[in-house]
Amino acid sequence: MADLKELIPAQMSPPLNRLLVKDQEGLDKVSVFLSRVDTFGFDTETNIVPAFTERKLRTIQVGNRDEQYVIDLLAFAGSTERLMEQGWRTAPAWSQLIVDAIKPGLEDGSKLKVGVNVEFEYVVLNWCLGLRPWNFYDCYLVEKILQAGKVNYFTKDFWGMKDMLARYTGLKMSKELQTSFDLETPLTEDQIDYAALDTRLPFALRAGQARGIEKYKLGRVVKIENDAIPAFAEMHVN
């Protein structure tokens, strides 16, 4: 894939249309967005720790091709110390406004949530805020279905979002910012762009995977595998 084109957010069409959500006014816009769409991308950013029991949400983002919302939890917590209150499947008092805004959309089975490795998102949202989202389309899981028997699951640089994006769109994406999020530093413009893209790009992957799903008649398998994500995630948390 030597001819990959660099993905530059400022040059995307339509342009990236992200909103950093730091107050009730922003959450109201998130609620309206989730109420009027039937499919949306979703993702989270957290501190980088090995165990999910120590993991804390820094951002929650939802969006699609036309609009993206990045919720900054530090802005609502007010301090790193309060941000650390997340855990044990109970939403801290300061996060209730966020939960009220996103819970109806995330837990509505009529709305499809599109992402990459969404079991991670389920575990962190469940452990940190007590949420139980469902009805998923996980591009990572679908890719494993499409490539079953052809590519070893332990193959490096094949299963990540940047790898699938290169295959299906010819775009080169950097994931260096993935490990840049913490619980105290103000978000940079590049981090906000990165978080927003994670709600938009899965739509391109899903469109690319649709051809293989139809060709090999894998629609039922894809649905069964995706419907099982919450059950496996619950087992992991428990």
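The values are calculated or read from the model by the stated rules, or taken from the named source; none is laboratory data. Being a predicted model, the structure only gives us computed values, none of them experimental. Here the Cβ positions follow ideal geometry from the backbone for every residue, glycine too, while neighbour counts run over all protein chains shown. Accessible surface areas use protein heavy atoms only, side chains included; no ligands, DNA or RNA. Shrake-Rupley method; radii C 1.70, N 1.55, O 1.52, S 1.80 Å.
Structure summary
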| item | result |
| --- | --- |
| In sequence order, calculated HN-Hα J values of segment 84-97 (Karplus, 6.51, -1.76, 1.60; Hz; x Gly/Pro) | 6, 6, 4, x, 6, 6, 10, 6, x, 4, 5, 8, 4, 4 |
| Length gained when the stretch VAL151-THR185 is fully extended (0.36 nm per residue, less Cα-Cα span) | 8.3 nm |
| Rough spin-label spacing in nm, given labels placed 7 Å along Cα→Cβ, for GLU107 and ASP227 | 2.1 nm |
| The chain, Rg to Rh (Cα coordinates; Rh as Kirkwood inverse mean 1/r) | 0.95 |
| Over segment 1-137 - Rg/Rh using Cα atoms and the Kirkwood inverse-distance radius | 0.98 |
| 1.4 Å probe accessible area per residue over segment 26-157, in Å² | 41 Å² |
| Solvent-accessible ranking of ILE71, ILE145, ILE48, largest area first, probe 1.4 Å | ILE48, ILE145, ILE71 |
| Relative contact order of segment 98-238, defined on C-alpha pairs under 8 angstrom at six or more residues apart (%) | 32 percent |
| Residue-level accessible surface for ASP66, protein heavy atoms, 1.4 Å, Å² | 90 Å² |
| Label-point separation in nm, GLU234 to LEU4, each point 7 Å along Cα→Cβ | 3.8 nm |
| The chain - mean residue ellipticity at 222 nm from DSSP helices (-39,500 (n - 2.57) per run, n ≥ 4, rounded to 500) | -13500 deg cm²/dmol |
| The chain, accessible surface, carbon-and-sulfur percent (1.4 angstrom probe) | 54 percent |
